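The values are calculated or read from the model by the stated rules, or taken from the named source; none is laboratory data. Predicted model only: the values in this text are computed from it and were never measured. Neighbour counts run over all protein chains shown; Cβ positions are idealised from the backbone, glycine included. With ligands, DNA and RNA removed, areas are computed over all heavy atoms of the protein, side chains included. Shrake-Rupley method; radii C 1.70, N 1.55, O 1.52, S 1.80 Å.
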Amino acid sequence: MSGRKFFVGGNWKSNGSKASIHALVEALNGASLPAPDQAEVVVSPPSLYLDMVNSSIKNNIQVAAQNCWTETSGAFTGEIAAEMVLDLGLRWVILGHSERRSIFGESSDMVAKKTKHALDVGLQVILCVGEQLSEREAGKTKDVIYEQLEAVAKQVKDWNNIVIAYEPVWAIGTGKVASPQQAQDAHADIRHWLASSSRGNATAESVRIIYGGSVKADNSDELARQEDIDGFLVGGASLIPAGFVAIVNSANQKQKK
């Protein structure tokens, strides 16, 4: 066993209403989850519902924002400052998700700036990286991931408050899933990158690397058995309480190793 605590994040994206989110929170509050020393669980509702969820969900489930900005305040219509996230009592934010990169045009440099600012104010970051299908087919998976990570490394020296989420873009919301070996290979490459240069082996061994991309209850156990997969960032399946709970409980596969 690696000693890295299993981590599962549920990214609710732009889904839900007051009623449906209340029902989802109630279901999660009644669910049987691993002990907090075995797994860390975070859910990420749309920003309008962050306070509602944070004030009503049980305390062994944390809440994350889906995005935050690079500045403390100012004329940035529609943006949420990291300080505002912290002011709500939240500890986590998702940054660099492929939908932010592809739909909203966020560059790796922008993701890096957001990551640095979030860390500087005291948030922990779920940092998303991953390749397009064309990049995988061209044999550029490692190059793409390393470029995304290097941009952050230029801004950030301490990776202790970062969880890296490897999300192959071609597997997000498509029903396609990287095979356990494909996912393990990418995670091993990321851990190798972490061990390189000044970051060192201690950082590589301690930073959690989680997998995202059409994770469901019927594939999470096998993925969780892979050596370098430390958990999951779950999209659509996180809106289905029973399925999400089953994914969280795949932490038991790590306990068996």
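General observations
- The residues of region 189-237 that are more than 22 Å from Gly16 (Cβ to Cβ), β-branched (Val, Ile, Thr) and in contact with a helix residue (DSSP H, G or I) (Cβ under 8 Å, 6 or more places away or on another chain), listed by number, are Ile190, Thr203, Val207, Ile209, Ile229.
- Counting only residues that are within 14 Å of Ser47 (Cβ to Cβ) and open to solvent by 10 Å² or more (accessible area, probe 1.4 Å), region 87-96 holds 2 of them.
- Exclusive hit being touching a Gly at 6+ places or on another chain (Cβ under 7 Å), touching a residue at least 60 places away in the same chain (Cβ under 8 Å) and not acidic (Asp, Glu), set Ala165, Ala171, Ala217: Ala165
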